[in-house]
1. Could you tell me whether D32 is touching an Asp or Glu at 6+ places or on another chain (Cβ under 6 Å), surrounded by fewer than 13 Cβ atoms within 10 Å (Cβ to Cβ) and either in the same structural domain as D70 (by TED's automatic domain parsing) or modelled with pLDDT of 95 or more (or both)?
2. Consider F80 carefully, then state whether it is over 30 Å from T174 (Cβ atoms) and not basic (K, R).
3. Sort out which residues of the stretch 47-85 are of a type in the set (A, V, I, L, M) and either more than 19 Å from V17 (Cα to Cα) or touching a residue at least 12 places away in the same chain (Cβ under 8 Å) (or both), and write them in order of number.
4. Against the definition (in contact with a helix residue (DSSP H, G or I) (Cβ under 9 Å, 6 or more places away or on another chain), charged (D, E, K, R) and touching a residue at least 24 places away in the same chain (Cβ under 8 Å)), how does D152 come out, yes or no?
5. Go over the candidates L68, L87 one by one and state the one that is surrounded by 13 or more Cβ atoms within 10 Å (Cβ to Cβ), outside the structural domain of E168 (by TED's automatic domain parsing), in contact with a helix residue (DSSP H, G or I) (Cβ under 9 Å, 6 or more places away or on another chain) and farther than 17 Å from C165 by Cβ.
6. Looking at the stretch 45-61, is at least one residue more than 20 Å from P4 (Cβ to Cβ), within 19 Å of the chain's Cα centre (by Cα), surrounded by fewer than 13 Cβ atoms within 10 Å (Cβ to Cβ) and assigned by TED's automatic domain parsing to the domain that holds T12?
7. Among the residues in the stretch 166-186, are any under 21 Å from D110 (Cα atoms) and in contact with a His (Cβ under 8 Å, 6 or more places away or on another chain)?
8. When the residues of the stretch 16-56 are filtered to those that are assigned to a strand (DSSP E or B) and not hydroxyl-bearing (S, T, Y), which remaining residue is farthest from L114 (Cα to Cα)?
Amino acid sequence: MSAPERFILRTTLTSPVGRKVRMAAEVVGLGDRVTVEPTDVADPQDTLRQQNPIGKMPCLVRADGSSLFDSSVIIEFLQFVAGTERLLPVSGEERFALQTRSRMADAITDAAALVVYEAKWHEAAHVSEPWLDYQRGKILRCLTAFEAAPPDPRVSDVVSIGLACSLEFLDRRTQVNWRESHPRLATWLAQFARHEPAYERIHGPYGA
């Protein structure tokens, strides 16, 4: 019998989308088969640009040298390899409902990252406040939707994993101060972190 395939995940240890993939791998029991190889998306010499023409992380490199990207594709692939439907049903109406909420969680991360990039890539005189307000508006609307109907903290699926990583990213980058205005979500994150051991393994002790 051949050895199980191992994978290389091109990401940084602090990337929220990279953390989402790493947590998903842990949840489906593949954490020991995924090795993180750091990448620098700003470095034109980084091999990430050959592995993923988009030049974005995360990127999962297979044993044969082929690559999978973005995070949602990688997570579905890892679920397929693990032979489970724990993260997302493979068919049925529930799949589409979960995918929609998963994209909403991802949108928090995407908009928050754009707020960070605006300051990182543009000189202060060229930073667009209307653009930043537009991105923060996306974040706040998505947070409000999740505040009204948070996921079950006892369930580790694509929605919960993505939302946990998005909220942790907001805590670290403070693009918006979400905790006081969204207390149910703050409680949800604490409950999810206690329920899911992979959260502490990927993010560190809750609140750290």
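The values are calculated or read from the model by the stated rules, or taken from the named source; none is laboratory data. Since this is a predicted model, take the numbers as computed values, not measurements. Cβ placement follows ideal geometry from the backbone for every residue including glycine, while neighbour counts extend to all protein chains displayed.
1. no
2. Taking the combined requirement at face value, the residue satisfies it.
3. Step one: of the stretch 47-85, the residues of a type in the set (A, V, I, L, M) are 48, 54, 57, 60-61, 63, 68, 73-75, 78, 81-82.
Answer for the stretch 47-85, where residues must be of a type in the set (A, V, I, L, M) and either more than 19 Å from V17 (Cα to Cα) or touching a residue at least 12 places away in the same chain (Cβ under 8 Å) (or both): L48, I54, M57, L60, V61, A63, I74, I75, L78, V81, A82.
4. Spelling it out, it is not the case that D152 is in contact with a helix residue (DSSP H, G or I) (Cβ under 9 Å, 6 or more places away or on another chain), charged (D, E, K, R) and touching a residue at least 24 places away in the same chain (Cβ under 8 Å).
5. Working: L87 fails: farther than 17 Å from C165 by Cβ.
Exactly one residue qualifies, and that residue is L68.
6. yes
7. As a first pass, look at the stretch 166-186 and keep what is under 21 Å from D110 (Cα atoms): 166-179, 181-182, 185-186.
Checking the rest, the ones that are also in contact with a His (Cβ under 8 Å, 6 or more places away or on another chain) come to 168.
Looking for residues that are under 21 Å from D110 (Cα atoms) and in contact with a His (Cβ under 8 Å, 6 or more places away or on another chain), one finds at least one in the stretch 166-186, hence yes.
8. From the stretch 16-56, those assigned to a strand (DSSP E or B) are 34-37; that's our starting set.
If we keep only those that are not hydroxyl-bearing (S, T, Y) too, we end up with 34, 36-37.
Numbers: V34: 28, V36: 24, E37: 24 Å.
So the residue we want is V34.
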